[in-house]
Structures are given as structure tokens and as C-alpha cells.
1. Under 12 Å from the 7 Å Cα→Cβ point of His24, by amide nitrogen: which residues of the range 93-131?
2. Under 8 Å for C-alpha pairs, at least 6 residues apart: give me the relative contact order for the range 89-246, rounded to a whole percent.
3. Per DSSP H run of n ≥ 4, the term is -39500 (n - 2.57); total these for the chain, divide by its residue number, and report the mean residue ellipticity at 222 nm rounded to 500 deg cm²/dmol.
4. All other residues with a Cβ under 9 Å from the Cβ of Asn111 taken together, and with Lys, Arg as +1 and Asp, Glu as -1, what is their net charge?
5. Highest mean first, what order results for 284-293, 24-33, 236-245, 216-225 on Cβ atoms within 10 Å?
6. How much accessible area per residue does the chain have, in Å², with a 1.4 Å probe?
7. Give, as ranges by residue number, the residues of the range 1-23 whose backbone N falls under 16 Å from the point 7 Å along Cα→Cβ of Ala133.
8. Tell me, how many Å apart are the Cα centres for the range 1-47 and for the range 125-141?
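The values are calculated or read from the model by the stated rules, or taken from the named source; none is laboratory data. It should be emphasised that the depicted structure is a prediction, and the values quoted were computed from it without experimental measurement. Every residue, glycine as well, gets a Cβ built from its backbone with ideal geometry; the counts of neighbours run over all protein chains shown. What goes into the accessible areas is simple: the full protein's heavy atoms, side chains included, and nothing from ligands, DNA or RNA. Shrake-Rupley method; radii C 1.70, N 1.55, O 1.52, S 1.80 Å.
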Amino acid sequence: MSALICGSMAYDTIMVFHDKFKHHILPEKVHILNVSFLVPVMRREYGGCAGNIAYNLQLLKEEPLIMATVGHDFEPYAQWLSQCGISARYIKTLDDHYTGQAYITTDEDDNQITAFHPGAMNFSHLNDVPAAAEITIGIVSPDGKQGMQQHAAQFAELGIPFIFDPGQGMPMFDGDELLQFLELANYATFNDYESELMQQRTGLTLEQIAEKVDALIITLGGKGSKIYTQGQCLDIPPAAPKQVLDPTGCGDAYRAGLLYGLMNDYDWDVTGRIASLLGAIKIEHNGTQNHVFSMAEFKQRYQESFGSSF
């Protein structure tokens, strides 16, 4: 079985400003803002929602298939995927564009200023969900707007169950468009802010949203998560990280856990805990694809975190 992961691929350039933005941004002068931050610490990471989800799912010994559009500068990332054993067969390269680029500056208070260039991601609709027998589940994560709509419709037409995960792409859609995703999807997942925005734009309560899908998953950061399914709400506890270094990509790790649980027919209590633990492991490391573990280590950590096995 394989999971088709539709979403963005991007390079993350992460810079650290050894001070606080508030010391240099004057509230009364924001209308003429012109500031420069010296960032002596910089690193470049492999990222993008699809890449991050696939990386975590591969750590759990499943076969992720990324479907994305990338640019002429993708070769280093392609080599990284190959090194990790992740297939690139459904990744389309567009020679006239750059791969998505995120430029993130973080200050000493962990505030972030981010500029994102979507590049080739805007043309994700040039890919079609393949009618391949190996694909048993999918996810529509942040991507180009037309591509997200197209891929959701194609999953539904092919009868492939999928997770709707709009993430930071949610502002692109109005209420009717979001409702259309719910009509097509089998599962939906949001963080707490996105869930509030979803309710505001659709006019539905969480309980009403949950009635439209088999399961609605709401992540709450360090407070764990909630899973609405079959008329009940399951409280999923957080897994305690050993240290907190970088929250970037935790949501993607969590979503890989959801896919893993669904692919292996675990109940939602177990699936949510697997997802929670993946997020905790990710937060212990800088970057979104630098953590590693064996399945034996993961199962041992699960036992330690939740007092049971899966």
C-alpha cells in the first residue's frame, strides 16, 4: 500500500536574529517600515508540506509517493529524497520556475518573519492523481489553489480516501469552496487557529463539520489533539518532547502519523497517539527532516509516553 501525498516541496532558508524584533520595529512607524536584520546564523533545510509528510511516513517504513511540481533548482532535494528512499516518480519539474522557497527569520523571542515564494507550486494542477492500484490513501495538503481543488476531486472520483489538510493554504478559499472539500474528503485536519477560521468561513460548528467526514482532527500544540468521529470526541494526550528546539514541521509529522494509522487500520486512539509522538520527536530537532529513529525505538518511545504498545 502507498500514500499519495499532494502538496508543496520547498527549500527553507532559516536565519536567526540575535535580538528581538520589537527593539527595532517602532509601532508608530510601521507605515514607513524600513528595517534590516543582521543574521549571522543561517541554514538551508529541505521542507514543504509534502516533503515533510513523506519523510516522516518513510521513517515509519511505509511507502510515501509525493505528487508535486518543482523548479529547475530541485536537483539537491531530489538527491536527498533518493538517499532517504523516497520515490519521486510523481514529481514534475518545471524548468522555467524555482522550487518553492521559504525565507524565515527568527528572533530571540521565537517570533518569525517569513517570506514565501511559491514558484512551481502554483502549477500543481499540471499533475493529475494517477489511477494506480498501489495508491490506497491520499492527502491534499497546502499547494496551489487550483491543484488542491483538482486533486481532491480526482481522489473522490477514483474512490481513494483522502485527508483534507489546508494548513496555511486555507485563506485562499471561501466558505463554499471549503464546504466542497468537506463533501469530497473522508478526513479533515486543522490546527486550532485553522479550525476557528474554518468555522467562521463555513458557518458550521466543529460538530457539524465532523458530521461531513469520517473523522475531524484538531491539533492543539502542546495540549494534544482532539479527534471527532462517530459522534464522539476523543482527547489525544501530547507526547512529551525531551527538548524543544524547533516547532517547524510538527504539524506535518503529525499528519504522517495519521496516514500511518489509517494505512494500518489502527483505531483513532492509537492513530492519534502515533501522530502525537511523531510531532514530539520532530520538535526535538532543528529543521523538518533531520530526525531519525528505528521502528523499535519508536515503539519503545510510544510505550514510555503512553504506557501501552501498538
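1. The answer is 105-108, 113, whose backbone nitrogens lie closer than 12 Å to the label point.
2. 13 percent
3. Numbers: 9 runs with 103 residues, N = 310.
After summing the helix terms and dividing by the residues of the chain, the value is -10000 deg cm²/dmol.
4. Numbers: positive: Lys20, Lys22; negative: Asp107, Glu108, Asp109, Asp110.
So the environment of Asn111 carries a net charge of -2.
5. By packing density, highest mean first, the sequence is 216-225, 284-293, 236-245, 24-33.
6. Ligands and nucleic acids excluded, the figure is 45 Å² per residue.
7. 1-2
8. Using only Cα atoms to place each centre, the spacing works out to 31 Å.
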